[in-house]
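Notes follow once the structure below has been shown.
The values are calculated or read from the model by the stated rules, or taken from the named source; none is laboratory data. As the structure is a prediction and not an experimental result, all values here were calculated from the model. Glycine also receives a Cβ, built like all others from the backbone with ideal geometry; neighbour counts cover every protein chain displayed. Each accessible area value is taken on the protein alone, full model and side chains, heavy atoms only, with ligands, DNA and RNA left out. Shrake-Rupley method; radii C 1.70, N 1.55, O 1.52, S 1.80 Å.
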Amino acid sequence: MSETKKYLYPANILLPKENFEKWAVVACDQYTSEPDYWNDVDSIVGNTASALRVTLPEIYLSDNVGKRIENINATMKKYLDGGIFDTFENSMIYVEREISSGKIRHGIVGALDLEAYDWHPGSKSLIRATEQTVIERIPPRVEIRKNAPLELPHILILIDDPDNKILGNLEASKADMKKAYDFDLMKNSGHISGYLIDSDAQDAVNKALSEIISSDGMLFAVGDGNHSLATAKECYTRNPSELSRYALCEIVNIHDDSLVFEPIFRVMFGVSPSDVLSSMEKYFGSCGENSGSKVRCIFGGEEKDVYIPTNGSLTVGALQNFIDSYIKEHAGAEVDYIHGEEVVEILSRKENTIGFIFDGMKKSELFPAIMLDGVLPRKTFSMGHASDKRFYIEARKIK
């Protein structure tokens, strides 16, 4: 019998032997303006072995990063030498994660081949980025990963499986699987359970994946963690090895009921709202309600609807292009990316500030947009609230 072609690979997955509740912490790119959150996590963890000690929350990126990275690498070695992990060889894990809405997100933790991934716009690779990769954001992440003996994934990868055959079959058979973990996540972040997928079920997953590859060769789209996966590819390119060639990720069906795409709005600071509005009119030209997409512009307690032409592309892309051009020509002008209309409205009351609220991208538009446009504008969408993001649980040796 011929071997099943692999698209998602098993890995030697490391899990802590105990104290999962203190081991698992949320992705490093969350709560970046909330030191109280991370201080609380630190208190919860205390001296117990924890993913907190072997990852670098981005809130600390300006705080003696070099020393922090040294400590992370030393702690990884300490954990490996200290026998805190159980090793599950050639494994994939079926995951059920309760999120803030009460719904369950279903996923598969496995390894992706970085040889099949290309983040550059226009790529026709099997694994593709969904947003513009900012080159400047990769080197700091490389510094964190390049000497690390372990990786811990927070990357969520999307598949387009409208019939939900892949994860639906795993959900239906989970009673026959051995449970890998089952616990409450800290700080009221829901519950998570993991089940070991045996080799026959792994083959079934890969066979089913082969049947949903798009007409132009795409299977996987990066949902969360674009820059983390790009960093893994860069580290592999610099120092190729059989271990560094793969990256551990969680695969999620874009049609999962738990997944909600939320728009990421824009707020500009250090600007004259009236000048921004007149510049928008010059930039976009005259565009009526029937031929353009509406953007609510909010400033100083007032608001104005502006319609902009998109020519079939996303509203956020056209708006972002304008914002980039305006900032380039106006010293002191800045933009921030905001979750939630209420926050935009509050921020936009400030002097010299203007906010933009617009309709977000539908889930159904993601895969066609990637195939058509290559990548989306940066900060196009968010998949759920911060507390719903992936927690670090599994680990894998990369050296």
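Every residue in segment 152-165 that is out of contact with any Cys (no Cβ under 8 Å at 6 or more places or on another chain) and either open to solvent by 10 Å² or more (accessible area, probe 1.4 Å) or modelled with pLDDT under 95 (or both), please. Across segment 152-165, the qualifying residues are Leu152, Asp160, Pro162, Asp163, Asn164, Lys165.
Considering only segment 64-87, I want to know if a residue exists there that is within 30 Å of Gln320 (Cβ to Cβ) and modelled with pLDDT under 95. Full working, then the answer.
Narrowing segment 64-87 to residues within 30 Å of Gln320 (Cβ to Cβ): 65.
Filter once more, keeping what is modelled with pLDDT under 95: 65.
Checked against the condition, which is being within 30 Å of Gln320 (Cβ to Cβ) and modelled with pLDDT under 95, segment 64-87 yields at least one hit.
The residues in segment 259-278 that are of a type outside the set (D, E, K, R), at pLDDT 95 or above and outside any strand (DSSP E or B) can be counted, and the count is 8.
Among the residues of segment 364-399, not one is under 23 Å from Ala247 (Cα atoms), of a type in the set (S, T, N, Q) and not in a strand (DSSP E or B).
On inspection, Ile398 fails the criterion of being among the hydrophobic types (A, V, I, L, M, F, W, C), within 19 Å of Arg296 (Cα to Cα) and buried (at least 18 other Cβ atoms within 10 Å of the Cβ).
Exactly one residue among Glu289, Glu242 is in a loop (DSSP other than H, G, I, E, B), farther than 21 Å from Ile357 by Cα, without any contact (Cβ under 8 Å) to a residue 24 or more places away in the chain and not hydrophobic (A, V, I, L, M, F, W, C), and that residue is Glu242.
Taken over segment 111-127, the criterion of being in a strand (DSSP E or B), over 12 Å from Ala230 (Cα atoms) and of a type in the set (D, E, K, R) is satisfied by Asp113 alone.
A residue that is open to solvent by 50 Å² or more (accessible area, probe 1.4 Å) and closer than 25 Å to Thr130 by Cβ can be found somewhere in segment 277-294. Against the test of being surrounded by fewer than 21 Cβ atoms within 10 Å (Cβ to Cβ), aromatic (Phe, Trp, Tyr), within 30 Å of Glu143 (Cβ to Cβ) and in contact (Cβ under 8 Å) with a residue 40 or more places away in the chain, the options Phe261, Phe269 yield a single qualifying residue, Phe269. Do you know which of the residues in segment 36-60 that are assigned to a helix (DSSP H, G or I), open to solvent by 70 Å² or more (accessible area, probe 1.4 Å) and farther than 22 Å from Pro153 by Cβ is modelled with the lowest pLDDT? If we take residues in segment 36-60 being assigned to a helix (DSSP H, G or I), open to solvent by 70 Å² or more (accessible area, probe 1.4 Å) and farther than 22 Å from Pro153 by Cβ, then Asp36 is modelled with the lowest pLDDT. Ile84 passes all but one of (1) within 23 Å of Arg145 (Cβ to Cβ); (2) touching a helix residue (DSSP H, G or I) at 6+ places or on another chain (Cβ under 6 Å); (3) β-branched (Val, Ile, Thr); which number fails? Going through (1) within 23 Å of Arg145 (Cβ to Cβ); (2) touching a helix residue (DSSP H, G or I) at 6+ places or on another chain (Cβ under 6 Å); (3) β-branched (Val, Ile, Thr) one by one, Ile84 breaks only (2). Annotation: of all residues in segment 166-200 being crowded, with 21+ Cβ neighbours inside 10 Å and hydroxyl-bearing (Ser, Thr, Tyr), the one that is nearest to the chain's Cα centre (by Cα) is Ser189.
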